[in-house]
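Asks: Dropping a structure here in structure tokens format, bear with me for questions.
The values are calculated or read from the model by the stated rules, or taken from the named source; none is laboratory data. The structure presented is a predicted model; accordingly, all values stated were derived computationally and were not measured. Methodologically, a virtual Cβ is constructed for each residue, glycine included, from the backbone with ideal geometry; neighbour enumeration extends over all protein chains shown.
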């Protein structure tokens, strides 16, 4: 999965020393291991959706499809960031009401 995003490639043109460090981290995080590549792409996809990276979501969804992901799998994965992001306001809103003991 170690195809680097355009913003990382741009870093390489500006700061080769830091680029080498960043790409090593990317390679370490995405290399084959206990978690398969499709699952790692799903995790990245959910995180990019969570942070609002529209381009990242498009690229990662297409990569997941290349790895055999179905549209149903993509829909399930993309429910997770909503669950995480959507829960925060609900949890915080509960503070508006005193707890009854």
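Residues checked against (1) part of a helix (DSSP H, G or I); (2) in contact with a strand residue (DSSP E or B) (Cβ under 8 Å, 6 or more places away or on another chain); (3) outside the structural domain of residue 75 (by TED's automatic domain parsing):
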{"residue": "3", "(1), (2), (3)": "no, no, yes"}
{"residue": "8", "(1), (2), (3)": "yes, no, yes"}
{"residue": "20", "(1), (2), (3)": "yes, no, yes"}
{"residue": "26", "(1), (2), (3)": "yes, no, yes"}
{"residue": "45", "(1), (2), (3)": "yes, no, no"}
{"residue": "48", "(1), (2), (3)": "yes, no, no"}
{"residue": "55", "(1), (2), (3)": "yes, no, no"}
{"residue": "62", "(1), (2), (3)": "yes, no, no"}
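Asks: Just to verify a result, which residue in segment 29-43, among those that are assigned to a helix (DSSP H, G or I) and at pLDDT below 95, is surrounded by the fewest Cβ atoms within 10 Å (Cβ to Cβ)?
Replies: Here the residue is 29.
Asks: Scan segment 64-101 for residues that are loosely packed, with under 10 Cβ neighbours inside 10 Å, without any contact (Cβ under 8 Å) to a residue 12 or more places away in the chain and not in a helix (DSSP H, G or I) and jot them down.
Replies: Once the filter is applied, which keeps residues that are loosely packed, with under 10 Cβ neighbours inside 10 Å, without any contact (Cβ under 8 Å) to a residue 12 or more places away in the chain and not in a helix (DSSP H, G or I), segment 64-101 yields 97, 98, 99, 100, 101.
Asks: Sort out which residues of segment 73-98 are in contact with a helix residue (DSSP H, G or I) (Cβ under 8 Å, 6 or more places away or on another chain) and closer than 12 Å to residue 45 by Cα, and write them in order of number.
Replies: Once the filter is applied, which keeps residues that are in contact with a helix residue (DSSP H, G or I) (Cβ under 8 Å, 6 or more places away or on another chain) and closer than 12 Å to residue 45 by Cα, segment 73-98 yields 73, 74, 77, 78, 80, 81.
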